[in-house]
Amino acid sequence: MYTYIAETAGDNVLFSFKHFTLDNVRRELRARGTVVPIEPQVFDLLVYLIENRDRVVSKDDLIASVWRGRIVSDSTLDSRINAVRKAIGDSGEQQDLVRTIPRKGIRFVGSVEEGKEQAAMPARSSAFAHKQEISFCQSPDKINIAYAEVGNGHTLIKAANWLTHLEYDWESPVWAPMLQRLAEKNRLIRYDTRGTGLSDRKVDISFDGFVRDFESVVEAVNVDQFAILGISQGAAVAITYAMAHPEKVTKLILYGGYAQGRNKRSSADEVEKGRLFLSLMQHGWGRENSAFMRAFSSLFIPNGTPEQHKWFADLQHWTATADIGARIRLACNDIDVAALLPKIQVPTLVLHTRHDNVVPLEQGRLIAASIPNARLVTLESYNHLLLAGEPAWEKFFTEVEAFLTT
């Protein structure tokens, strides 16, 4: 059962500067009372700079404290510092708050006032008791892939779907409830595929590359057998791996997945939708309140709240560039693993929402009908990604949890 625990926090430490307030317990940055969306790692970087504002902090200081000693490229470090500046209205040219000290490092130079506030933390999932651990591995073509582990129990590896971010997703009101519930009874492993999230960004994009990323994570976590969860494009990756390695895969769960990309469905309408989608991406990526961002969120979670729509839209420009996003979409449009389906020897559960606007139910039916002994469960929802609280949510987890424990 997915339960919530309300707990009382100690004193909130509030840092006030300019017209901003930073709350390190609620993990919120507010500008004149309005919450400013900020990536989790960028939030941690801002807190560190403010707490150490009495000195210049070096690159090594940041890596040791914010990245906990992990290998970080200069471009990644620069992008996070730029994201801090953008969140607080600063820039590389106008360094009113975060100043670069040549050959030394950076320092928060704004005037800061500290205060305390007694407050109760918002109700949160019991799964927050689990802390995810993020590590890196390399694919055969030398791409650094970030992966996260959390929870205990049977190993469940989630194949990467359209644009993920290990840290951001773990706190997102869209993804977090699903990920946390999966981690309650399983050792959940997930990763950012090439070009996205915490993985290397400047890379070649292809479906074969997506499969190599999955294989690299499996090798890194060193587990003999495991179940796979494939969502959306991740279903094709899961299918490809399960067909090649049936001895390692105990169960296959495919949700909202497709075996054929838009260009392979023998439908002129689907091809045209793919072109329209790319056009929206190229003209609206990363622009707040753009038509693309609104259309994108409405397609994936039409029944989402305004907060969920905003988080989902923000995810797109935080996790990848417009160019990477477009190249991933082009690669996905040409996916075709239909010929592999009859060769799958693994127990398979296929789940699909009846009114999915992103991946038609016909693709779910194709997968279930083609994989021997697969079972199809149709969920009553208009959302491509199920949201906590809707009726189909509990049905999804009832089916998944029973399937994993049978």
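Observations on the structure shown:
- ARG181 vs. criteria of a type in the set (D, E, K, R), in contact with a Phe, Trp or Tyr (Cβ under 6 Å, 6 or more places away or on another chain), closer than 29 Å to GLN41 by Cα and touching a residue at least 24 places away in the same chain (Cβ under 8 Å): yes
Here's the yes/no breakdown for (1) touching a strand residue (DSSP E or B) at 6+ places or on another chain (Cβ under 7 Å); (2) of a type in the set (Val, Ile, Thr); (3) at pLDDT 85 or above:
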site	(1), (2), (3)
MET293	no, no, no
PHE296	no, no, no
LYS310	no, no, no
ILE328	no, yes, yes
CYS332	no, no, yes
ASP336	yes, no, yes
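- Scanning the range 8-24 for residues that are among the aromatic types (Phe, Trp, Tyr), more than 22 Å from TRP67 (Cβ to Cβ), out of contact with any Asp or Glu (no Cβ under 8 Å at 6 or more places or on another chain) and modelled with pLDDT under 85 turns up nothing.
- Residues satisfying the stated conditions in the range 25-37, i.e. in a strand (DSSP E or B) and either at pLDDT below 70 or of a type outside the set (Val, Ile, Thr) (or both): GLU28, LEU29, ARG30, ALA31
- Single condition GLU113 does not satisfy, out of (1) open to solvent by less than 50 Å² (accessible area, probe 1.4 Å); (2) touching a residue at least 24 places away in the same chain (Cβ under 8 Å); (3) of a type outside the set (A, V, I, L, M): (1)
- Qualifying residue in the range 296-312 (condition: farther than 23 Å from LEU254 by Cα, of a type outside the set (S, T, N, Q) and surrounded by fewer than 18 Cβ atoms within 10 Å (Cβ to Cβ)): yes
- Any chance ALA83 is small (Gly, Ala, Ser), open to solvent by less than 50 Å² (accessible area, probe 1.4 Å), in a helix (DSSP H, G or I) and closer than 19 Å to LEU198 by Cα: yes
- Failed criterion for VAL66 (all others in (1) over 22 Å from THR196 (Cα atoms); (2) within 21 Å of the chain's Cα centre (by Cα) hold): (1)
- Any hit, the range 331-344, residues being among the basic types (Lys, Arg) and closer than 19 Å to ASP169 by Cα: no
- In the set (1) farther than 29 Å from ARG201 by Cβ; (2) open to solvent by less than 20 Å² (accessible area, probe 1.4 Å); (3) among the polar types (S, T, N, Q), SER16 fails one condition alone, (2).
- Residue in the range 38-59 that is under 20 Å from TRP318 (Cα atoms), open to solvent by 20 Å² or more (accessible area, probe 1.4 Å), modelled with pLDDT under 85 and within 27 Å of the chain's Cα centre (by Cα) present: yes
- Condition check for SER279: more than 27 Å from LYS185 (Cβ to Cβ) and either free of Cβ contacts under 8 Å to residues at least 24 places away in the same chain or touching a Ser or Thr at 6+ places or on another chain (Cβ under 8 Å) (or both): yes
- With respect to (1) among the aliphatic types (A, V, I, L, M); (2) free of Cβ contacts under 8 Å to residues at least 12 places away in the same chain; (3) touching a helix residue (DSSP H, G or I) at 6+ places or on another chain (Cβ under 8 Å), the lone exception for ALA369 is condition (3).
- Residues that are free of Cβ contacts under 8 Å to residues at least 40 places away in the same chain, among the β-branched types (Val, Ile, Thr), open to solvent by less than 40 Å² (accessible area, probe 1.4 Å) and under 25 Å from ARG375 (Cα atoms) do not occur anywhere in the range 212-230.
- HIS165 fulfils the conditions (1) over 25 Å from ALA313 (Cα atoms); (2) modelled with pLDDT of 90 or more; (3) open to solvent by less than 20 Å² (accessible area, probe 1.4 Å); (4) out of contact with any strand residue (DSSP E or B) (no Cβ under 7 Å at 6 or more places or on another chain) except for a single criterion, (1).
The values are calculated or read from the model by the stated rules, or taken from the named source; none is laboratory data. Note that the structure is a prediction, hence the values are computed from the model and not measured. Neighbour counts are summed over all protein chains in view; Cβ atoms, including those assigned to glycine, are modelled from backbone coordinates with ideal geometry. Surface accessibility is based on the protein's heavy atoms, side chains included, excluding ligands, DNA and RNA. Shrake-Rupley method; radii C 1.70, N 1.55, O 1.52, S 1.80 Å.
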